[in-house]
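In what follows, a structure is listed as structure tokens, so that the remarks can point back to it.
The values are calculated or read from the model by the stated rules, or taken from the named source; none is laboratory data. Because the structure is a prediction, the values reported are computed rather than measured. Positions of Cβ are generated from backbone atoms using ideal geometry, with glycine treated the same way; all protein chains shown enter the neighbour counts. The accessibility values were calculated without ligands, DNA or RNA, using every heavy atom of the protein model including side chains. Shrake-Rupley method; radii C 1.70, N 1.55, O 1.52, S 1.80 Å.
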Amino acid sequence: MNNQITRRSFLSTTLQSSLALAGAALLQPLTGGAVEPIKRAGKPRLQLSLAAYSFRQFFTHKDPAKQITLDDFVDFCADHGCAGTELTSYYFPKGFGGDYLIQLKRHAFMRGIAISGSAVGNNFALSKGPQRDEQIALVKKWVDHCAVLGAPHIRVFAGPTQDKDISAAKKLCIEALEECGDYAGKHGVFLGLENHGGIVAEPADILDIIRAVKSPWIGINLDTGNFQTDDPYADLAQCAPYAVNVQFKAEIKRRGQAKKETADLARVVRILRDANYQGYFALEYEAAEDPWQAVPQWLEKMKAALAA
């Protein structure tokens, strides 16, 4: 009997220890360093979204008859078959409150569309002081807003080098991302650092920052038109495994090139699939043509590319 109890106790203890270790392994990515590159089970899965920035001139148009609201934009996304709508922070009405966020969330839900994320215009390369504190507070404020909206992602910027050595600017950015990432993670919101010139104009620099940030709630907001390098497609392929959101631009511009060229949509989709990307693929239109004409055409091209 004593032997049986001993064996039973041993098996029970071993099972409990195994479960504890398994639980710790599951919890580790939520409390420890970020996994790099991002590991995703299953197959690539790209969901079509559209960034409000695509209609930037109409949110603030001088002619009231041509102005649109975020509700109008949500309707446009729904009417054109998008799975998501990306609501850029710049176009929220001044002085809005919690009631507005709830109304906007309800409107999107009633149109059967997800709010795929938002975007802020911050600078994390500022020296420590009140101005930098304001930038961090801005991002945290939008984390709160996105938590209410149910938006899982916010696009953030790194910032310019200004009068600093790039290594010093990158260090400042890493520290701000870690602080904001910790806050965002507690609200279930990802922060995507965009390859947006400045200290992240080159793929090596944004990858240095992302690899150094100890937060699983930080990744890359991969903008396909922002690497103005010798081979933008190769640079996108380097960064794609770290992407938590992707914004597709209709054009690219190579280093030294006088004019932009039409983006190779099929090649971009192939790069993302090769990286096993799973998430939103948002059109952010900023070419010269009228977006009311061009955006629906590009959305149809994107649908075809995703279905291929």
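Looking at segment 272-298 only, could you name the residues that are under 18 Å from Cys239 (Cα atoms), of a type in the set (Gly, Ala, Ser) and open to solvent by 10 Å² or more (accessible area, probe 1.4 Å)?
Within segment 272-298, Ala275, Gly279 meet the criteria.
Check Thr69 against each of (1) of a type in the set (S, T, N, Q); (2) farther than 27 Å from Leu306 by Cα; (3) open to solvent by less than 10 Å² (accessible area, probe 1.4 Å) and name the one condition it does not meet.
Checking Thr69 against (1) of a type in the set (S, T, N, Q); (2) farther than 27 Å from Leu306 by Cα; (3) open to solvent by less than 10 Å² (accessible area, probe 1.4 Å), the one that fails is (3).
Tell me the residue from Ser167, Ser215 that is at pLDDT below 95 and under 17 Å from the mean Cα position of the chain (by Cα), please.
Exactly one of Ser167, Ser215 is at pLDDT below 95 and under 17 Å from the mean Cα position of the chain (by Cα), namely Ser215.
With respect to the numbered conditions (1) assigned to a loop (DSSP other than H, G, I, E, B); (2) among the small types (Gly, Ala, Ser); (3) open to solvent by 50 Å² or more (accessible area, probe 1.4 Å), which one is the sole condition not fulfilled by Ala304?
With (1) assigned to a loop (DSSP other than H, G, I, E, B); (2) among the small types (Gly, Ala, Ser); (3) open to solvent by 50 Å² or more (accessible area, probe 1.4 Å) applied to Ala304, the lone miss is (1).
Name the pairs: first residue in segment 180-200 and closer than 17 Å to Arg132 by Cβ, second residue aromatic (Phe, Trp, Tyr) and open to solvent by 10 Å² or more (accessible area, probe 1.4 Å), Cβ to Cβ under 6 Å, at least 6 apart or on different chains?
What qualifies is Gly181/Trp217.
Quick check on Lys171: is it without any contact (Cβ under 8 Å) to a residue 40 or more places away in the chain and out of contact with any Gly (no Cβ under 9 Å at 6 or more places or on another chain)?
So Lys171 fits the description; yes.
Kindly indicate whether any position in segment 242-257 is part of a helix (DSSP H, G or I) and either of a type in the set (S, T, N, Q) or closer than 23 Å to Thr88 by Cα (or both).
Within segment 242-257, one or more residues are part of a helix (DSSP H, G or I) and either of a type in the set (S, T, N, Q) or closer than 23 Å to Thr88 by Cα (or both).
Being touching a Gly at 6+ places or on another chain (Cβ under 7 Å), farther than 26 Å from Arg254 by Cα and not β-branched (Val, Ile, Thr) is the requirement here; does Phe124 meet it?
yes
Might you check whether a residue that is of a type in the set (Val, Ile, Thr) and not in a loop (DSSP other than H, G, I, E, B) occurs anywhere in segment 74-85?
Checked segment 74-85: at least one residue is of a type in the set (Val, Ile, Thr) and not in a loop (DSSP other than H, G, I, E, B).
Out of (1) open to solvent by less than 10 Å² (accessible area, probe 1.4 Å); (2) aliphatic (A, V, I, L, M); (3) within 14 Å of Gly219 (Cα to Cα), what's the single condition that is false for Val269?
That leaves (3) as the condition not met.
If I ask for residues that are surrounded by fewer than 18 Cβ atoms within 10 Å (Cβ to Cβ) and under 18 Å from Ala151 (Cβ atoms), which ones from segment 46-66 would you list?
Selection gives Gln47 alone.
Among (1) open to solvent by less than 10 Å² (accessible area, probe 1.4 Å); (2) within 19 Å of Glu36 (Cβ to Cβ), where does Val244 come up short?
In the conditions (1) open to solvent by less than 10 Å² (accessible area, probe 1.4 Å); (2) within 19 Å of Glu36 (Cβ to Cβ), Val244 misses (1) alone.
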